[in-house]
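Inspection log for the structure reproduced underneath, given as structure tokens.
Read-outs throughout are calculated quantities, based only on the coordinates presented, and are distinct from any laboratory measurement. These numbers come from a predicted model, not from an experiment. As a convention, Cβ positions derive from the backbone with ideal geometry for all residues, glycine included, and neighbour counts pool all protein chains shown.
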Amino acid sequence: MSTELLSAKSLFCERDDRILFEGLDLTLNTGEILQIEGRNGSGKTTLLRILSGLSSHFEGELFWQGEVMGEVQEAYLADLVYIGHLPGVSGQLTTEENLRWHCALHPSLDIEKIDYAIAQVGLRGFEDLPAYQLSAGQKRRIALARLYMSNARLWILDEPFTAIDKVGVAAKEALMLKHLSRGGSVILTTHQDMSDQMPVRTLSLGEPQEVAYE
Amino acid sequence: MSNQQTSFAKLFVHTFKRDLVLAFRRKSELVNPLIFFLIVVTLFPIGVSPEPQFLAELAPGLLWVAALLSTLLSMESLFKADFDDGSLEQLLLSPQPLFMVVLAKVSAHWLMSGLALTLVAPILAVMLFLPAEGMPGLMLSLLLGTPTLSLIGAIGAALTVGLRRGGVLISLLVLPLYIPVLIFGSSAVQAAITGLPLGGYFALLGALLALALALAPLATGAALRISVSG
């Protein structure tokens, strides 16, 4: 039985005199992956930032489990992992230090799980190197390590597979399936094809419309 | 409730330590405000006049202005690196109160700039022939005044972090709010030299600090949300 986690009603967003989307409705149920599709510049990242609560440049309403977002913001944030364009990894800190700070920001996370997460993303042996010495893919893996530690129900992932190798992508897909089976759900954007066994629903964003001035 | 309080305390300590570690790994940020302070104070006698009497008269104001400017210069870096690598987004998405994180970051920053300046100031004061009676006034006024400067500067830094060249704008935004601190700070040193009671100045500086401690982190948090949202 799937229940509604996140929903949005009549979202409207305009940027630089172009309407990215208008009257956009979406619902996300537990055990579901929602893939946002669209060309470059069609507002995928903007939509994800709006849904995560980072951006407030929009009109419309957001609901978390049927309740208005403004009233349940804290509960929502506690149940959310967001991985954006920028990995949120500090170059001067080591892998472990980065994850430790992440645990401090999210008190519900278990600090003991850091070791497990580092092993799962294949960064064993790199724990003590500052992140700026790692490759782009490895840096992204530090960000993705958060998923292995998380017990949040909603994951919002913006291009999570950028710079990740094939083995890594397969591992992340397996992780997502496990997450779904626990009643979680995922919203993501990706230009890569995902394997057929993933229960993906897609939402296409059209071309941005120029604002017509009278 | 107590569980929540320990998690707030943990967050504060963790962020504080993280910022200290980051500052020590990026040495330039650590040293820059001090070098600037040193340069301004040493150039003054060379540029204007090495006359001891003249310098002694100038010293309270000069030390305070130099401390203020070097704090201002160091403010830009407070949130810049976190903004560039996306840590700031993660920070805003934390269910923990932003107030604590901001307070921890500003405290760490003050330890590197304000406190360091306060500790170096007496040496430079000797160079400027500041009378010995003025020393306690100088140290105490800087100790009370520089945290206020850091707290207010953080608001400016948060508002301009999303801009490409925010440095000048920070100065414009923040300088008017720095003026009272400068006035009371340098007057306290002057009063100490002439042997007047200092209680009033310290009370005013303390009041400014209390006000800044309570309000500035809130304003900074709100400013960060606006900057990241843009």
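Values computed for the structure shown
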| read-out | value |
| --- | --- |
| Residue among B:Ala214, A:Leu99, B:Leu224 farthest towards the positive dipole end of the protein assembly as shown, charges placed on Cβ | A:Leu99 |
| Likely footprinting exposure, B:Arg165, A:Arg182, B:Arg25, fewest C-beta neighbours within 10 Å first | B:Arg165, A:Arg182, B:Arg25 |
| Angle between chain B longest axis and helix B:2-25 axis [Cα atoms, degrees, rounded to 10] | 60 degrees |
| Shape metrics for chain B, restricted to C-alpha atoms - Rg then Dmax, Å | 18.4, 62 |
| Amide hydrogen neighbours beyond the local backbone of A:Glu37, cut-off 5 Å, H modeled | A:Leu203, A:Ser204, A:Leu205 |
| Charge sum, other residues only, whose C-beta stays under 12 Å from A:Gly88's C-beta, Lys/Arg counted +1 and Asp/Glu -1 | -2 |
| Most positive-pole-ward Cα, B:Leu173, B:Thr146, A:Phe161, against dipole of the protein assembly as shown from beta carbon charges | B:Thr146 |
| For A:Met194, net neighbour charge (Lys/Arg +1, Asp/Glu -1) across residues whose Cβ lies under 13 Å away | -2 |
| Helix B:134-160 axis, angle to chain B major axis (alpha carbon atoms, nearest 10°) | 40 degrees |
| Cα Rg, Dmax, region B:36-145, angstrom units | 17.8, 58 |
| For the protein assembly as shown: span of alpha carbons on each principal axis (Å, largest first) | 84, 62, 44 |
| Summed side-chain charge close to A:Gly23 - residues other than A:Gly23 whose Cβ falls under 14 Å, Lys, Arg +1, Asp, Glu -1 | -4 |
| Mean separation of Cα contacts under 8 Å (6+ apart) over length of chain A, as relative contact order % | 32 percent |
| Peptide B:10-18 - average C-beta neighbours from other chains (10 Å radius) | 3 |
| Rounded to 5, the percent of DSSP beta bridges in the protein assembly as shown classed as antiparallel | 50 percent |
| Max mean-square fluctuation residue, GNM over chain B, Cα-Cα springs under 10 Å, options B:Leu175, B:Leu103, B:Leu93 | B:Leu93 |
| Inter-chain Cβ neighbour average for residues A:99-105, partner chain, 10 Å | 6 |
| Helix-only CD estimate at 222 nm, as mean residue ellipticity for chain B, using -39500 (n - 2.57) per DSSP H run (n ≥ 4) | -30000 deg cm²/dmol |
| Cleavage-rule hits (trypsin sites (Lys or Arg not before Pro)) in region A:86-170: DSSP loop, at most 11 neighbouring Cβ within 10 angstrom | A:Arg124 |
| Nearest 10 degrees, 0 to 90: helix B:199-229 Cα axis against chain B principal axis | 30 degrees |
| Loop-resident sites, region A:84-121, for GluC sites (Glu not before Pro), counting at most 12 other Cβ within 10 Å (DSSP) | A:Glu112 |
| Charge dipole (region B:2-229, unit charges on Cβ, about Cα centre) - positive-most of B:Phe8, B:Leu124, B:Ala203 | B:Phe8 |
| Residues of type lysines that B:Lys80 reaches as a straight line, Cα spacing below 28 Å, ignoring anything fewer than 8 places off in the same chain | A:Lys44, A:Lys139, B:Lys10, B:Lys17, B:Lys27, B:Lys105 |
| Sparse-neighbourhood loop sites, chymotrypsin sites (Phe, Trp or Tyr not before Pro) in region A:135-214 - DSSP loop, at most 12 other Cβ within 10 angstrom | A:Tyr213 |
